[in-house]
Amino acid sequence: MMNKIFTRALLVCTMAASMASCNDFLTIDPEDKPVLESYYTSPEALRSTTMTLYASKTWSNFHMNFQWKMDMINGDMYYTYGDEGQWYFGSYTAVNPYINEGWKGLYNVILFANSIINDIPKACSGTITENDIVKATAEARAIRGFCYYWLAEVWHDVPVVENNSATIASGNFKLPRNTQASVYRFAMEDLDYAVANLPSEDGDAFRLDSRKARALRAKLAVTMASHKDYGYDRDALYKKASDDALFVIENTRALTEIDYSTLFDVESNNGPESILAIQCAVQGYSFGNARNTAWSRSSVIADQTWGAGKGPTVSLQQMYAQNDRRRMWTYMTGGDYYPMLNRAGGGYTYNLVSRDDSGDVLEDKNEMLAHVKKYIIGKGADCDGNVGINQDAANNIYLMRLADVYLTYVEAKMGTATSTSDATAMKYYNMVRQRAGVTEEQSVTYEELLRERRRELAFESQTWFDTQRYRYREGDDKALELINTGYGTGYNRCAMFVNKPGVTIDPTNENDRGSYHVVQSTADWGQYDPINLRAESFVAPIPAAVSSASPSLSAEPVDFYAAAE
């Protein structure tokens with residue numbers, strides 16, 4: 001099945017998209033039409049095209065070069081070098097290359113979705129029924145709505161491109177930005193359509209169905225409800241979100257029956273935890289999950305590795321109780337043992353510093369005394385060849401998973417209040433904690449919910465969006481205080497480990513965490529003084545490559561629906 005997805009992605013890339021234009025987030029090759037008309041003659045052919053909505057190749061610019069930068073800006077992942085490091089400092093500008101990759105990547109997925117929504121109905125013939133077309137359209141609209149949710153949270157005001165072909169045919173490329181509120185409305189209309197028209201289940205486990213679309217809609221609804229200044233019926237939106245999330249929870253395997261330790265391995269691809277995931281395979285560059293390369297600590301545990309300088313921030317490390325089972329599957333630190341890594345060497349024990357038999361350093365410590373584990377599955381020899389040598393591992397990348405739905409339900413039941421002790425909300429909140437092996441609670445505040453979400457969803461590019469919702473509810477100042485104090489831990493993102501004063505580090509004590517301590521200033525021999533994000537960091541700039549080609553994007557945003565109404 002996955003081979004079909006990736007083979008089909010290559011064909012549809014040729015048929016549906018040309019990214020060589022100055023308006024590359026709009027461009028569709030006009031030669032597509034005759035190819036489409038001669039191709040879509042069976043339901044199987046139509047479904048083979050909608051497969052590409054999930055393929056790593058379709059999402060590659062987004063997930064390889066942009067998505068995980070959200071884990072840096074929210075202060076979960078430490079990395080300070082080059083253009084990537086700008087995300088850690090919150091100092092990115094319109095010329096940061098990853099800004100452009102994220103924008104282009106999301107609009108590329110929208111391009112594919114638009115091609116299905118607008119072009120497929122006219123091209124279908126033969127045995128394809130109206131019901132087949134409606135299901136394909138609903139699938140594409142669900143994906144498109146999700147992409148617009150992301151765009152609205154990262155850039156806020158963005159162009160709504162409803163029909164690439166019609167826009168190009170008109171010759172009018174002077175698209176304005178549309179207001180965040182109207183982008184939300186457009187995304188909600190897409191998701192409402194998907195919920196109403198997708199089947200209750202699908203034979204392909206990777207595909208969206210009506211249940212999964214309700215999960216996506218719940219996330220959008222709580223985001224919209226977080227805004228105090230858009231004139232929304234916030235109670236109605238929170239009710240919509242809670243109804244959707246509860247439906248998903250009650251019609252999915254219980255979270256406590258799903259093993260957290262294997263969630264990010266190939267064996268859990270499209271399992272009961274997965275709501276929406278990018279489908280990855282060992283098929284070459286951009287066809288697989290690049291995190292195994294980008295985040296792995298060293299060549300001891302990976303065939304390719306760029307992750308030596310990356311790690312969980314001090315503030316993230318402080319979030320986990322000692323008995324939290326999620327911790328060692330989220331990040332590695334002193335003494336952790338992983339039998340599935342470095343199998344040829346008998347497994348992998350994480351040492352702050354590891355040496356070979358001659359005493360030479362094989363792996364050195366980083367400033368966090370820890371490295372990322374989530375999504376790291378080792379060498380090809382460790383996992384039956386499910387890691388390639390072109391940044392292409394076969395473990396899928398979650399865009400939304402079941403635990404997020406549980407916690408979204410809690411947020412929706414809390415609504416505009418600052419805490420909840422609702423029995424059903426606490427049942428599902430505590431099921432997340434039960435799986436983690438930590439104590440249950442009788443009530444939860446909004447800030448505590450955000451901290452639980454951070455523990456559960458670290459390195460999944462979710463925490464930044466949680467911070468945005470907190471900001472919509474409470475304002476810039478409180479959101480900045482939350483993020484600049486490490487979610488209330490007191491550790492700014494500048495915090496790092498250095499040698500304790502008076503301690504000489506040598507092979508006898510280099511693996512003793514007691515030999516090091518945390519500092520938060522250059523006066524204490526740290527690399528940085530406190531790194532405080534500003535309100536401007538909450539909204540990414542339009543990429544310079546895009547705004548220079550489309551100056552209209554620099555004008556004030558307009559309501560997408562204003563002209564029609």
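Of the residues that make up region 334-357, is at least one part of a helix (DSSP H, G or I), under 30 Å from E452 (Cα atoms) and in contact with a strand residue (DSSP E or B) (Cβ under 8 Å, 6 or more places away or on another chain)?
Within region 334-357, none of the residues are part of a helix (DSSP H, G or I), under 30 Å from E452 (Cα atoms) and in contact with a strand residue (DSSP E or B) (Cβ under 8 Å, 6 or more places away or on another chain).
So which of V410, V387, V361 is buried (at least 17 other Cβ atoms within 10 Å of the Cβ), touching a strand residue (DSSP E or B) at 6+ places or on another chain (Cβ under 6 Å) and among the β-branched types (V, I, T)?
After applying the criteria, what remains is V387.
Here are E84, E139: which of them is of a type in the set (D, E, K, R) and either free of Cβ contacts under 8 Å to residues at least 12 places away in the same chain or crowded, with 24+ Cβ neighbours inside 10 Å (or both)?
Step by step, each of E84, E139 is checked, and only E139 is of a type in the set (D, E, K, R) and either free of Cβ contacts under 8 Å to residues at least 12 places away in the same chain or crowded, with 24+ Cβ neighbours inside 10 Å (or both).
Show me the helices (runs of 4 or more DSSP H) found entirely inside region 148-239 where at least 3 residues are within 24 Å of A535 (Cβ to Cβ).
Output list reads 180-197, 210-226.
What are the residue pairs meeting all of these: first residue in region 493-509, first residue at pLDDT 95 or above, second residue assigned to a loop (DSSP other than H, G, I, E, B) and open to solvent by 60 Å² or more (accessible area, probe 1.4 Å), Cβ atoms under 6 Å, and 6 or more apart or on different chains?
Filtered contacts from region 493-509: C494/P530; V498/W525.
Rundown of residues vs (1) touching a residue at least 40 places away in the same chain (Cβ under 8 Å); (2) aliphatic (A, V, I, L, M); (3) out of contact with any helix residue (DSSP H, G or I) (no Cβ under 6 Å at 6 or more places or on another chain); (4) within 18 Å of W150 (Cβ to Cβ), yes/no style:
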{"site": "L191", "(1), (2), (3), (4)": "yes, yes, no, yes"}
{"site": "N197", "(1), (2), (3), (4)": "yes, no, no, no"}
{"site": "D204", "(1), (2), (3), (4)": "yes, no, yes, no"}
{"site": "L208", "(1), (2), (3), (4)": "yes, yes, no, yes"}
{"site": "V222", "(1), (2), (3), (4)": "yes, yes, no, yes"}
{"site": "H227", "(1), (2), (3), (4)": "yes, no, no, yes"}
{"site": "A241", "(1), (2), (3), (4)": "yes, yes, no, yes"}
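Using the structure shown, decide if I531 is among the β-branched types (V, I, T), farther than 19 Å from L151 by Cβ, under 33 Å from the mean Cα position of the chain (by Cα) and assigned to a loop (DSSP other than H, G, I, E, B).
Answer is yes for this residue.
Just for region 482-503: of the residues that are β-branched (V, I, T) and not in a loop (DSSP other than H, G, I, E, B), which one is surrounded by the fewest Cβ atoms within 10 Å (Cβ to Cβ)?
If we take residues in region 482-503 being β-branched (V, I, T) and not in a loop (DSSP other than H, G, I, E, B), then V498 is surrounded by the fewest Cβ atoms within 10 Å (Cβ to Cβ).
Report the residue count in region 461-481 for those that are under 20 Å from K310 (Cβ atoms), open to solvent by less than 10 Å² (accessible area, probe 1.4 Å) and not aromatic (F, W, Y).
Looking only at that region, the number is 2.
Residue-by-condition table, conditions (1) buried (at least 23 other Cβ atoms within 10 Å of the Cβ); (2) within 23 Å of Y470 (Cα to Cα); (3) at pLDDT 95 or above; (4) acidic (D, E):
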| residue | (1), (2), (3), (4) |
| --- | --- |
| T179 | no, yes, yes, no |
| M188 | no, yes, yes, no |
| D192 | no, no, yes, yes |
| P199 | no, no, yes, no |
| F206 | no, no, yes, no |
| R214 | yes, yes, yes, no |
| M224 | yes, yes, yes, no |
| Y232 | no, yes, yes, no |
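The values are calculated or read from the model by the stated rules, or taken from the named source; none is laboratory data. Not measured: the values here are computed from a predicted model. Counting neighbours? That spans all protein chains shown, and the Cβs are built from the backbone with ideal geometry, glycine included. Just so you know, the surface numbers come from the protein's heavy atoms only, side chains and all, with ligands and any DNA or RNA stripped out. Shrake-Rupley method; radii C 1.70, N 1.55, O 1.52, S 1.80 Å.
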